[in-house]
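Visitor: Next up is a structure, given as structure tokens.
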Amino acid sequence: MSALKIKKGSTSHSAYDLRDHHSEVEASHTLAVIVENEPGVLARVIGLFSGRGYNIDSLTVAEVDHTGHRSRITVVTRGTPAVIDQIEAQLSRMVPVHAVHDLTAEGPSVQRELALFKVVGKGDQRIEALRLCEIFRAKVVDTSLESFIFELTGTPDKIDAFADLMRPLGLKEIARTGVAALSRGF
Amino acid sequence: MTAKVMTGAKMVVQALKDQGVEVVFGYPGGAVLPIYDEIFQQNDIRHILVRHEQGAVHMAEGYARSTGKVGVALVTSGPGATNAVTGLTDALMDSIPIIVLSGQVPTFMIGTDGFQEADTVGITRPCTKMNWLVKETEKLSDTIHQAFHVAKSGRPGPVLVDIPKDVQFATGPYTAPEKARGSHYQPRVKGDTEAITRMVELMETAERPLFYTGGGVINSGKGASQLLREFVEATGFPITSTLMGLGAYPASGKAWLGMLGMHGLYEANLAMHGCDLMINVGARFDDRITGRVADFSPKSKKVHIDIDPSSINKVIRVDVPILGDVGHILEDALKIWKARGRKVNKDGLAKWWKQINEWRAVNCLSYTPSEKTIKPQYALQRLEALTKGMDRYITTEVGQHQMWAAQFLGFEEPNRWMTSGGLGTMGYGIPASIGVQVAHPEALVINVAGEASWLMNMQEMGTAMQFRAPVKQFIMNNERLGMVRQWQELLHGERYSHSWSESLPDFVKLAEAFGCKGLKVSDPGDLDDAIMEMIRYDGPVIFDCLIEKHENCFPMIPSGKPHNEMLLSADADAFKSGAVLV
């Protein structure tokens, strides 16, 4: 005798509450995480994101204070407000984490990314690529008779836009650094 | 004064001594031989040789949970460390402060797939609060002191220090605990006064208030339990607790509603559902507590006291979060409440208690007694009656017996109940009971077990024998994986897929083989005498209590159901009559 009236063919035999996906809006947030510069700290932060199912759209990390052993991790993530709050709380309770700043929530910020584009082509295509490079204020950092490497710094949107323009002009490779960000003012 | 120079291995032992460690649970192997050599040459720290590293970690957990101190386990590299993973995860889920020291292949061999090499810090990163690979002997003692600090500060948890063999052999200056590098990791313990005042305001007017307490009260220390008791007595509010929090408020207290949650008491769950003020003290809205989140306690204002910021609003949005240590916050709250005139809503409370007493009258733990077979509930009622008032500690395995134990045994003090809550680790109970017994040699330590869980770490009976830990293994044997069987009956069309135990050992002969006492009972009439024999026997006992095979554990909130849709029995009519009370 089954005490629970479960519909035939129902898949809800799960032990867990299969949650409705709330229609809450996901938004992109840029987090600056100041961490102790020690082995494994990046793995710890990344492991948190993968282990708890959070997104990473972009991630950069480098030491920013040699004497103080501090590194700055900049993570661009997406989520509902509750998820973003949870990410911030989960990060801030980690032992090697000194501070977490949600640059998106804390006010205006400057966000920059650097990208290198290898564009291969001849004739008019090559001239057009160079012309667009000037418009975008990109720099030519390498050239051969049939190729350029452009260096471009800007917001991720700007880099996306440049990549879209380069694609029909012989774009072969892109390398992007991911976002570095600071809040405006002090 | 210059620091004393010594080998890394000696530093380990010295650091443990300086941290006040009295006992280490461990198992030797190639990569920790230098440390074992040092252990051999001293008498301050006792070493308990386990039979499996998982046992060592659960023993350290039992030790920690029953004393409030940090438990220590010592394992070798590779398999020694991987065997520790379950215990580490268990301690992480239940916030138990333990330190695992693991050996590692020499630094110059790391990454070469050396014999018994494993990426221990990589493997244990997600299942520890923090871990370290120490590559320089100079940093070893400082790191061990840091490890103690992290394990017991804030929300406690397991930490691991991985020590390559060459680091153990090399010499360096020893750093005493008072000279250790100050840690930036200093979680806030004092609660925000404004938030506490807001809670007190809500307490003054609430018509249907309820304390919902958890393991955080136990972790905060005995003082926190005392303050909680004072607060409950003074306000007259009802109180319920999670599995992890049992004993913080005494089971004999008049405001006690019993455990809540999936197999919690009817009155506790309906009070959670119907309250207008929920004061969560050191609990984390686990899914076994909340049931369907969308329908969780729909009419209440919620206060949440927790030391871990990530626990706040993780599952349930709360109205008043208070970040900090339970003991500190309760102390401040009590002061503020008293200073404001000790106000409560007396009329509301009287009505609330009247309602609760109606729910209590349902007598949700009642069961059909039997003269032929031992009902599991009866076995625990007798165990409770015959051991009440004794200096008693209870551990459990995981499953039906664990829930029955939580329902039928009463805990008057904190730190008396050791169970695997968050992770639900079968095989936890035996080693945990040994860890508890080592910490409390004169106490009566009983592991309430199911036969299936018990078999998972039964090798530790050897440890109990060797170290004369007179633990009582109270095995409620239904020859089934009882909880799995119950779910299969209720949710999977009575298709009992692999949920019975065949080829079980003869537990009495097994006891003889280990050199301890075996008892077997199947007649309810013999039960009392057998339990008394178990208690009186001076040594470990394996008690094979053959119970009713198909008993289900009720009440039960099926997963994904709200609190007011709990089942009181498998009888659908009873289910209906239960549900209309709300």
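The values are calculated or read from the model by the stated rules, or taken from the named source; none is laboratory data. Since this is a predicted model, take the numbers as computed values, not measurements. Note that we place each Cβ from the backbone using ideal geometry, even for glycine, and neighbour counts take in every protein chain shown. Note: areas computed on protein heavy atoms with side chains; ligands, DNA, RNA excluded. Shrake-Rupley method; radii C 1.70, N 1.55, O 1.52, S 1.80 Å.
Visitor: Using each residue's phi in the range B:126-137, evaluate 6.51 cos²θ - 1.76 cosθ + 1.60 at θ = phi - 60° and report the 3J(HN,Hα) Karplus result to the nearest Hz, with x for Gly and Pro.
Guide: So the Karplus estimates, Gly and Pro as x, are x, 10, 10, 6, 6, 9, 9, 9, 9, 9, 10, 4 Hz.
Visitor: Using a Cα-Cα cut-off of under 12 Å, which aspartates and glutamates could be cross-linked to residue B:302, ignoring same-chain neighbours fewer than 8 residues away?
Guide: Here the aspartates and glutamates satisfying the reach criterion relative to residue B:302 are B:276, B:319.
Visitor: About its Cα centre, what dipole magnitude does chain B give when the only charges are +1 on Lys and Arg Cβ and -1 on Asp and Glu Cβ, stated in debye to the nearest 20?
Guide: My answer is approximately 1460 debye.
Visitor: Further, regarding this structure: Report the trypsin sites (Lys or Arg not before Pro) located in the range B:148-214 that are in a DSSP loop and have at most 14 other Cβ atoms inside 10 Å of their Cβ, or state none.
Guide: Of the trypsin sites (Lys or Arg not before Pro), the ones in loops of the range B:148-214 whose Cβ has at most 14 other Cβ atoms within 10 Å are B:181, B:188, B:190.
Visitor: Also, I was wondering about something else. What is the distance, in nm, between label points placed 7 Å from the Cα along the Cα-to-Cβ direction at residue B:287 and at residue A:130?
Guide: Each label point is offset 7 Å from its Cα along the Cβ direction, giving 6.1 nm.
Visitor: Using the Cα centre of the protein assembly as shown as the reference point, and only Cβ charges (+1 on K/R, -1 on D/E), how large is the resulting charge dipole? Debye, rounded to the nearest 20.
Guide: 1180 debye
Visitor: Which of the listed residues, B:470, B:446, B:72, is farthest toward the dipole's positive end in chain B, when Lys, Arg count +1 and Asp, Glu count -1 at the beta-carbon?
Guide: Result: B:72.
Visitor: Computed on protein heavy atoms with a 1.4 Å probe, what is the summed buried accessible area for the chain pair A and B, in Å² to the nearest 100?
Guide: Approximately 2500 Å², summed over both chains.
Visitor: Identify the residues of the range A:112-140 with backbone N under 15 Å of a label point that sits 7 angstrom from the Cα of residue A:151 along the Cα-to-Cβ direction, or state none.
Guide: A:113-118, A:137-140
Visitor: Which of the helices in chain B meet the span-like rule: DSSP H, Cα axial reach of 24 Å or more, Kyte-Doolittle mean at least -0.5?
Guide: Within chain B not a single helix satisfies the rule.
Visitor: Go through B:96, B:161, A:66 and say which Cα lies farthest out towards the positive end of the charge dipole of the protein assembly as shown; charges sit on Cβ, +1 for Lys and Arg, -1 for Asp and Glu.
Guide: Checked the options; the winner is A:66.
Visitor: For a quick check: with amide H placed at 1.01 Å from N, whose amide H comes under 5 Å from residue B:133's, ignoring anything fewer than 5 positions away on the same chain?
Guide: B:162
Visitor: Can you tell me the orientation of helix A:81-92 relative to chain A, as the angle in degrees between its alpha-carbon axis and the longest Cα principal axis, to the nearest 10?
Guide: With both axes taken from Cα atoms, the answer is about 80 degrees.
Visitor: Something else: Summing Lys, Arg as +1 and Asp, Glu as -1, what charge do residues with Cβ under 15 Å from the Cβ of residue B:234 carry, residue B:234 excluded?
Guide: Summing Lys/Arg as +1 and Asp/Glu as -1 gives +3.
Visitor: Beyond a 26 Å Cα-Cα separation, which of these cross-linked pairs lie in this structure: B:190/B:343; B:17/B:190; B:222/B:335; B:152/B:314; B:69/B:472; B:10/B:135?
Guide: From B:190/B:343; B:17/B:190; B:222/B:335; B:152/B:314; B:69/B:472; B:10/B:135, over 26 Å: B:17/B:190.
Visitor: Right, here's the next one. Give the value in nm², to one decimal: projected area of the alpha carbon convex hull of the range B:353-428, averaged over all directions.
Guide: Mean projected area of the Cα convex hull: 7.0 nm².
Visitor: Turning to a different aspect of this structure: Can you give the charge dipole size of the range B:193-361 about its Cα centre, rounded to the nearest 20 debye, using +1 on the beta carbon of Lys and Arg and -1 on the beta carbon of Asp and Glu?
Guide: Dipole of the range B:193-361, to the nearest 20 debye: 320 debye.
Visitor: Moving to a separate point now. With unit charges on the beta carbons (Lys and Arg positive, Asp and Glu negative) and the dipole taken about the Cα centre of the range B:376-546, which residue among B:431, B:482, B:376 sits farthest to the positive side?
Guide: So the residue we want is B:431.
Visitor: Once you place label points 7 Å from the Cα toward the Cβ at residue B:388 and residue B:183, how far apart are they in nm?
Guide: Here the modelled spin labels are 4.3 nm apart.
Visitor: Still on this structure, please answer the following. Long-range amide H contacts for residue B:208: which residues qualify at under 5 Å (H placed 1.01 Å from N, peptide plane, sequence gap of 5 or more or a different chain)?
Guide: Under 5 Å from the amide H of residue B:208: B:276, B:277.
Visitor: Just to be sure I understand: if I project the alpha-carbon convex hull of the protein assembly as shown onto a plane and average over all orientations, what area do I get in nm²?
Guide: Approximately 39.9 nm², given one-decimal rounding.
Visitor: Over the protein assembly as shown, average the accessible area per residue using a 1.4 Å probe and give it in Å², no decimals.
Guide: Ligands and nucleic acids excluded, the result is 42 Å² per residue.
Visitor: Suppose R0 equals 22 Å. What FRET efficiency, 1/(1 + (r/R0)^6) with r the Cβ-Cβ distance, do residue B:496 and residue B:459 give to the nearest 0.05?
Guide: 0.20
Visitor: Roughly how many Å² of residue B:388 are accessible to a 1.4 Å probe, to the nearest 10?
Guide: Estimated to the nearest 10 Å², residue B:388 gives 120 Å².
Visitor: So, one more: Of the accessible area of the range A:32-181, with the probe set at 1.4 angstrom, what percent is carbon plus sulfur?
Guide: That share works out to 55 percent.
Visitor: Against the globular-protein guess of 2.2 N^0.38 Å, express the Cα radius of gyration of the range B:91-152 as a ratio, rounded to two decimals.
Guide: Dividing the Cα Rg of the range B:91-152 by 2.2 N^0.38 Å gives 1.20.
Visitor: With the Cα gyration tensor of the range B:16-169 giving a ≥ b ≥ c as the square roots of its eigenvalues, does the rule (a/c under 1.5 for rounded; else a/b larger than b/c for prolate; else oblate) give rounded, prolate or oblate?
Guide: It is rounded, given that a/c, with a ≥ b ≥ c, falls under 1.5.
Visitor: Cα convex hull of chain B: mean projected area in nm², to one decimal?
Guide: 27.4 nm²
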